[in-house]
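Please treat every number below as a calculation from the coordinates, not as lab data. Only a predicted model underlies this, so the values are computations on that prediction, with no experimental measurement involved. Glycine gets a Cβ as well: all are built from the backbone with ideal geometry, and neighbour counts include every protein chain shown.
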Amino acid sequence: MNAGSSSGPIKGNAVVAQSGGPTAVINQSLVGVVEGLQGMNEIGKIYGARHGVRGMVAKDFVDLSNTPQETLDLVAGTPSAGLGSTRDKPDADYCARIFATLRDLDIRYFFYIGGNDSSDTCRIVNELSNQSGYELRCFHVPKTVDNDLMENDHTPGYASAARYVAMAFMGDNLDNASIPGVKINVVMGRHAGFLTGAAALMRGREQDGPHYVYVPERTFSLEKFVTDVDQAMSKHGRCQIAVSEGIQDEDGTAIGAKLIENAQTDAHGNVQLSGSGALGDQLASLLKEKLKPVGGKVPRVRADTLGYAQRCWPDPSPVDQQEARQAGRFAAGLAKSGDLDGSIAIVRTSNDPYKSGMKRVDLSAVAAKTRHMPDEFIAKSGNNVTDAFRDWLRPLVGPMPKVGRL
């Protein structure tokens, strides 16, 4: 049968798994899938695989079929991956072991919650099942704090992480204003600057930080960086900076990857950038060396890497919670309607008031592809975001604290 076509639901069991970096709302999607499948006559048991496809190979499952609603609701509101996650990328041999388990348990529905690497895993499993003649229906449920999935206006997990980043920079800006100096904060975002851009959401006045926002979509020059900071110091007497972990030089090489000695990589070949403070430390050292002394004294320069706290901070966006749950339910709805496969995408239907919907897209449209910030979201200077970006982001993050001034 052709991918994306429908032939009616088939009888068998279902499995749901989580993959990649956890988020504050990934369990909402997990629960959404379970809720959507409950009461579906064709499905016998609903299995949860511990640690993604790794749990499938190891036959490490939990039966979610009759989980009480009270428990589901509690899990849904809990950050991180309730089933555990993995970054394993199945090759043909790995998938053969997966299929052996699927056949043993008569699993005919596979729901995989994750980002673009996870959607590619879902695509591979789907194609191999077609080649083997084993009818398996594969659905990818989106998740990523980077917001870099194609076909989506935004992805579950992003809004909550953006909320954290916006509030972290808001507080850090006030700290920097109280004791002036240069402050660098490194934010997650390997190839897309959406999360780093969130640093500017609460900037209310010209003198407020972040004064500069550097994203992977624009070439990062160390010389220009020093000049930018020097100008902000001359104008404001301080400078707060948001830097994406994935900033790149003119050759497209991640600067952080070049600075981290003996860098570790995951199963997808990605250098682990978020586990090191090397980028912030190196940029801070550069500024201490290159900035013009004010009154003969080098400015106070500090750097922090926000790191993994961005992903699972227990103060999620209400919109994010709702949409993550809805994405899981929508995927289950596709299974009920007889769809054979697909990925779920969020579509914004209105900005004021904010409204959104869900749609099915082909796995091939999302798998292993990266969405970047559009040009209209990045300032022409290349070192900041635009009001258009902030207007796009504002409805997603939920109510934010207000600032008093003296």
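Structure shown: which of Lys183/Lys258; Lys258/Lys380; Lys143/Lys224 lie over 24 Å apart, alpha-carbon to alpha-carbon? All intermediate terms of the calculation are to be shown ahead of the outcome.
Working: Lys183/Lys258 22 Å; Lys258/Lys380 27 Å; Lys143/Lys224 35 Å.
From Lys183/Lys258; Lys258/Lys380; Lys143/Lys224, over 24 Å: Lys258/Lys380; Lys143/Lys224.
Rounded, prolate or oblate for region 45-86? Axes are the square roots of the Cα gyration tensor eigenvalues, ordered a ≥ b ≥ c, and the cut-off for rounded is a/c under 1.5. Cα axes put region 45-86 in the oblate bin. A Förster radius of 45 Å combined with the Cβ-Cβ distance from Lys380 to Leu74 puts the calculated FRET efficiency at roughly 0.40.
Just add up the charged neighbours of Ala24: K/R +1, D/E -1, any other residue whose Cβ is under 11 Å from the Cβ of Ala24. Provide the component values of the computation, followed by the final result.
Values: positive: Lys143, Arg163, Arg311; negative: Asp315, Asp320.
Result for the local shell: +1.
Scanning the chain for long hydrophobic helices, with DSSP H runs required to stretch 20 angstrom or more by C-alpha along their axis and to average at least 0.0 on the Kyte-Doolittle scale, returns 158-178.
Where both residues lie in region 1-154, what percent of DSSP beta bridges are antiparallel, nearest 5? Each step should come with its number before you reach the end.
Numbers: 3 of 19 bridges.
Expressed as a percentage, antiparallel bridges in region 1-154 total about 15.
Please label the shape of region 321-387 as rounded, prolate or oblate, based on the square roots a ≥ b ≥ c of the eigenvalues of the alpha-carbon gyration tensor (a/c under 1.5 means rounded; beyond that, a/b larger than b/c means prolate, else oblate). Taking the square roots of the gyration eigenvalues as a ≥ b ≥ c, region 321-387 is oblate. The mean sequence distance of close C-alpha pairs (under 8 Å, at least 6 residues apart), as a share of the length of region 80-173, puts its relative contact order at 22 percent.
Amide H contacts for Gly189 (H built 1.01 Å from N in the peptide plane; partners 5 or more residues away or on another chain; cut-off under 5 Å): Glu245, Gly246. Summarising the label geometry, the points placed 7 Å from Cα in the beta-carbon direction at Asp93 and Glu206 lie 6.4 nm from one another.
For region 94-147, what does the alpha-carbon gyration tensor say about shape, rounded, prolate or oblate, given a ≥ b ≥ c as the root eigenvalues, a/c under 1.5 as rounded, and a/b over b/c as prolate?
Working: a/c = 2.41, a/b = 2.11, b/c = 1.14.
The shape class here is prolate.
Grab the Cα-Cα distance for Ala177 and Ile10, subtract it from 0.36 nm times how many residues apart they are, and report the gain in nm with one decimal. Roughly 53.9 nm would be gained on extension.
In nm, to one decimal, how far is the Ser234 label point from the Asp104 one, both placed 7 Å along Cα→Cβ? Going by the 7 Å Cα→Cβ label model, 6.9 nm. May I ask you to derive the relative contact order of the chain, considering only C-alpha pairs under 8 Å and at least 6 residues apart, and to give it as an integer percent? Answer for the chain is 24 percent.
Each stretch of four or more DSSP H residues adds -39500 (n - 2.57); spread over every residue of the chain, this sum gives -11000 deg cm²/dmol at 222 nm.
The distance linking region 1-68 with region 309-387 is 20 Å (Cα centroid to Cα centroid, whole angstrom).
Taken along the Cα-to-beta-carbon direction at a fixed 7 Å, the label points for Val347 and Glu135 span 2.9 nm.
Close amide H pairs (under 5 Å, H built 1.01 Å from N) link Ile113 with Ala17, Gln18, Ser19, Val141, residues at least 5 positions away or on another chain.
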